[in-house]
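Visitor: Once you've had a glance at the structure underneath, I'll fire off some questions.
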Amino acid sequence: MIAPSILSADFARLAEEAAVVSEGDGGADWLHVDVMDAHFVPNLTLGLPVVESLLRATDTPLDCHLMIDDPDRWAPGYAEAGVHNVTVHVEAARNPVMLAKDLRAAGAKAGLSIKPGTPLEPYVEILKHYDTLLVMSVEPGFGGQKFMPEVLDKVRTARRLVDTGHLTLLVEIDGGISADTVEAAAEAGVDCFVAGSAVYGADDPGRAVRALREQVVSATPHRWAP
């Protein structure tokens with residue numbers, strides 16, 4: 001799965017930017033939306049009103065990554081609005097198990113994200129309540145950062161846990177994903193790849209999405225064989 005990040009899109013043309021990566025065969029599976037509050041991370045992007053407008057403008061499922069304080073309070077609103085997958089940070093959630101239940105009850109898939117320096121192992125039991133694990137491969141807060149390959153050890157651990165039945169979730173990665181890094185992430189076991197500047201910085205964003213998908217399939221043909 002490829003999830004272009006609108007953090008790298010033109011915010012004045014979000015409906016058009018969503019359409020250009022979603023149209024035709026091989027278009028975006030999800031549209032990744034980074035919500036930042038200038039507290040949990042040192043950047044401010046957009047919030048629920050913009051997400052609600054985007055939901056009306058596209059049929060592509062929205063994948064909202066909430067880099068915010070107090071997600072226990074604010075995240076369910078995104079699920080209630082119709083967001084397909086709502087991801088919160090384990091470093092910010094007060095009660096991540098209850099929050100996952102609230103998100104699912106509101107109709108969304110529940111995602112849990114971990115920063116590059118946060119270990120995976122302490123949260124394996126919590127992840128049994130989640131649908132998505134988002135491994136950050138850059139420090140959250142800004143787009144265009146350099147990929148941190150050391151986080152792939154966490155991806156490999158998560159992949160083993162999924163493949164052995166200990167967890168049932170989708171493994172997602174976000175940060176520095178490009179033609180140069182996507183194959184290593186695929187080989188480590190990622191299911192969903194968030195790409196911002198690699199897509200929206202391309203001359204043809206739709207073609208960039210298809211090219212990334214082709215690289216993933218080529219790098220891991222055993223996972224996508226019919």
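Visitor: Mind jotting down the distance between the C-alpha centroids of the range 73-94 and the range 99-141, whole Å?
Guide: If we compute the Cα centre of each part, the gap is 10 Å.
Visitor: Enter the Cα centre distance for the pair the range 51-72 and the range 181-202, rounded to the nearest angstrom.
Guide: Using only Cα atoms, the two centres lie 20 Å from each other.
Visitor: On to the next question. Shape call for the range 1-113 from the C-alpha gyration tensor, a ≥ b ≥ c root eigenvalues: rounded (a/c under 1.5), prolate (a/b greater than b/c) or oblate? Spell out each step's value before the answer.
Guide: Details: a/c = 2.01, a/b = 1.50, b/c = 1.34.
Verdict is prolate for the range 1-113.
Visitor: What does the charge count around Glu214 come to, taking other residues whose C-beta lies under 13 Å from its C-beta (Lys +1, Arg +1, Asp -1, Glu -1)?
Guide: On the way: positive: Arg207, Arg210, Arg213; negative: Asp25, Glu183.
That works out to +1.
Visitor: Can I ask one more? Sort Asp204, Asp34 so that the residue with the fewest other Cβ atoms within 10 Å of its own Cβ comes first and the one with the most comes last.
Guide: Asp204, Asp34
Visitor: Excluding Asp70 itself, calculate the net charge of residues whose Cβ lies under 10 Å from the Cβ of Asp70, where each Lys or Arg counts +1 and each Asp or Glu counts -1.
Guide: Details: positive: Arg73, Arg94; negative: Asp37, Asp69, Asp72.
Around Asp70, the charge tally is -1.
Visitor: I need His222, His39 ordered by Cβ neighbour count within 10 Å, fewest first.
Guide: Neighbour counts put them in this order, fewest first: His222, His39.
Visitor: Also, I was wondering about something else. Quick one, could you list the DSSP H helices from the chain stretching 18 Å or more along their long axis (Cα atoms) with average Kyte-Doolittle hydropathy of 1.6 or above?
Guide: Values: long enough: 205-219 (21 Å, -0.10).
Both cut-offs are met by no helix.
Visitor: Does the chain come out rounded, prolate or oblate by the C-alpha gyration tensor, with a ≥ b ≥ c the root eigenvalues, rounded set by a/c under 1.5 and, if not, prolate when a/b is larger than b/c and oblate if not?
Guide: Because its axes are fairly even, with a/c under 1.5, the chain counts as rounded.
Visitor: When a/c reaches 1.5 or more, the comparison of a/b and b/c decides; with that in mind, is the range 117-226 rounded, prolate or oblate per its Cα gyration tensor?
Guide: Values: a/c = 2.17, a/b = 1.37, b/c = 1.58.
Verdict is oblate for the range 117-226.
Visitor: Scan around His89 for amide H atoms under 5 Å from its own, H built in the peptide plane at 1.01 Å from N, and keep only partners 5 or more places away or cross-chain.
Guide: Under 5 Å from the amide H of His89: Ile68, Ser113.
Visitor: With a 10 Å Cβ neighbour count serving as the proxy for reagent exposure, in which order, fewest first, do Phe193, Phe147, Phe11, Phe142 appear?
Guide: Phe11, Phe142, Phe147, Phe193
Rule-based calculations on the coordinates, nothing more; no lab input. Please read these numbers as outputs of a predicted model, since none were measured by experiment. Using ideal geometry, Cβ is built from the backbone for each residue, glycine included, and neighbour counts are taken over all protein chains shown.
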